[in-house]
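The values are calculated or read from the model by the stated rules, or taken from the named source; none is laboratory data. The structure presented is a predicted model; accordingly, all values stated were derived computationally and were not measured. Heads up, the Cβs are rebuilt from the backbone with ideal geometry, glycines too, and the neighbour counts pull from every protein chain shown. We work out accessible area using only protein heavy atoms, side chains counted, and drop any ligands, DNA or RNA first. Shrake-Rupley method; radii C 1.70, N 1.55, O 1.52, S 1.80 Å.
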Amino acid sequence: MTFMTSTPLMASPPPRPAPRPPRLRSGGLLPSGRSGLRLRRSSSQVLLPLLTLQACRRSVPAPRRGLEALSLDTKPRAQAQEQQLAAFRAWLKEGNAAVQSRGVRLQRSPLGGLGLFAQKNFPQGAVILEVPFEKCLEVDAHHFDLDDATVLQPILARAAEEYDVDAFVEVEAQKAVLALCQRLLLERQQGASSKFAEYLAVIPDPSELHPLQLRWPKRLSEQSALLSRMHHTVLERDNACMEALQPFEQVWKRRCWALNAVWTRAVHLVGAEGEERLSLVPLMDFMNHWTPTRSTSETWSCFYEIASDHLAVRAERAISKGEELTLLYGEFSDAQLLCNYGICPEMPCRNAFDEAAVSIGPYVLSSPAGEEAAAPDGALVAARAACLARHGWALQQKLVFRVPQELRPSGGLLALARLLSLETAEEVAQLEDEIFWMDLPGAVHPNTEIPERNLRGACPNRGG
Ligand SMILES: C[S@@+](CC[C@H](N)C(=O)[O-])C[C@H]1O[C@@H](n2cnc3c(N)ncnc32)[C@H](O)[C@@H]1O
């Protein structure tokens, strides 16, 4: 959740455009609403009456527990946690702003950690949860226009250092993430007197494979150029965040806990007036991600939408009793899921959003312009180099292109191929703008965009 992520650090990274998150996006913030693709507002919708969580029916609210009981170990949360969960369930029902839910249960999930499960059948569109914003931990989130930031960077610079992750590397976006971390830490410091104490006590530490783990297996990042760069990115970003949080919390593990909570559980909400906030939505934040595959017709089961005073989770399709309730956190590849959320694919390459990397080094400058062409002369090599430098490639590093994304007419890989097919320095000078039209100020070239679904080989089950 915008949710869905995000490391020990070095110097703060320079402001860089964040990649388009699975709409934020995502480090992992849980990005989206319906189908995980966008947020929708449903102010006028009549919501079905809701029952309370079955698991909470019987009890007198459990005694409030202080955070001293909170385990910051990375061992799986076990029985000791039952008490904390019972207190959390009671807390959800407490007060005027009770969380409304019916027929859902919080239990261990085969996907990872805890998850929400249906205890009855839900027809498509049924409201499953309503979480009042009063029960949410939130901060304002301004200037989240990540798309603009991405567009401003020359296309080859993006290929040279793109953050292929919902990394929130953009400074303004990070401010909101840090503000929410601070809020979380502040509440935690208040112990049992925090009105969120029971909620905080059930927020876990980073999962074993989350990049925030010091013992993150480095061999993972050797698996692919994309994963390696992505991991490097999140490390830089998280180190900067951890450093920025130090004045608020000295204990490294607690900072880590807060940062992980925000990256992997927070959602970016946009209200009717365009107001934005970053929000931790209790109970909904226990919903796990569904990874769409090309080979099955099964999909994630839920989406969420915002009303004036609460967030509602609805059934994306008919849901059967016993099913785990899932969201699509975003259109994440396996590498992104790993770096944003610490989610490891059960079976590699099944994810419909997986991508391949094509990496290209400066050797291409001296490659012939075509099968029949001779090796380029010095003038052509120099013209190619100057042109590529103007579009962001300093030629000291490799470019890493993502396929199929970069196979769009506006993609960097095709721009590079077009340039390399020119046979003289004069042609390069003449055609540069046409080839790199996407780098011109205000460039929009809608007619040449191939719909994304045609490139992606479409996930057959994709809704929305
Ligand atoms: C929003 S939380 C979901 C609730 C979480 N399972 C818990 O126990 O608190 C997101 C985290 O859940 C885990 N997760 C979510 N979806 C998953 C999946 N499909 N497979 C494995 N782990 C998943 C990851 O650790 C992720 O960072």
- Message: Considering the Cα positions of region 227-331, please state its Rg to one decimal place and its Dmax as a whole number of Å.
- Response: 17.1, 49
- Note on the structure: For LYS120, the lysines lying under 18 Å Cα to Cα, once residues fewer than eight places off in the same chain are dropped, come out as LYS321
- Query: What is the spread of the Cα atoms of region 356-448 along each of their three principal axes, largest first, in whole Å?
  - Reply: 35, 29, 26
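At 1.4 Å probe radius, can you tell me the per residue accessible area of region 184-224 in Å²?
Values: 1980 Å² over 41 residues.
Each residue of region 184-224 exposes 48 Å² on average to a 1.4 Å probe.
First check a/c for region 382-423, with a ≥ b ≥ c the square roots of the eigenvalues of its C-alpha gyration tensor; if it is under 1.5, answer rounded, and if not, answer prolate when a/b is larger than b/c or oblate otherwise.
On the way: a/c = 2.38, a/b = 1.35, b/c = 1.76.
Oblate.
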- Task: Pop a pseudo-label 7 angstrom from the Cα along the beta-carbon direction at both ALA373 and CYS349 and give the gap in nm to one decimal.
- Result: 3.3 nm
- Query: Roughly speaking, what is the stretch gain from GLU434 to SER359, that is 0.36 nm per residue apart minus the C-alpha to C-alpha distance, in nm to one decimal?
  - Reply: 24.6 nm
- Put a dot 7 Å past each Cα toward the Cβ at LEU414 and GLN223; how far apart are the dots in nm? 3.0 nm
- Item | Cα-only Debye scattering, region 242-298: base-10 log of I(q)/I(0) at q = 0.20, 0.23, 0.29 Å⁻¹ | -0.88, -0.95, -1.08
- Amide N proximity, region 105-122 versus SER295 label position 7 Å along Cα-to-Cβ, cut-off under 19 Å: 111
- Between SER193 and ASP140, Cβ-based FRET efficiency (R0 41 Å, step 0.05) works out to 0.95
- For the ARG215, VAL251 Cβ pair and Förster radius 25 Å, calculated FRET efficiency rounded to 0.05 is 0.85
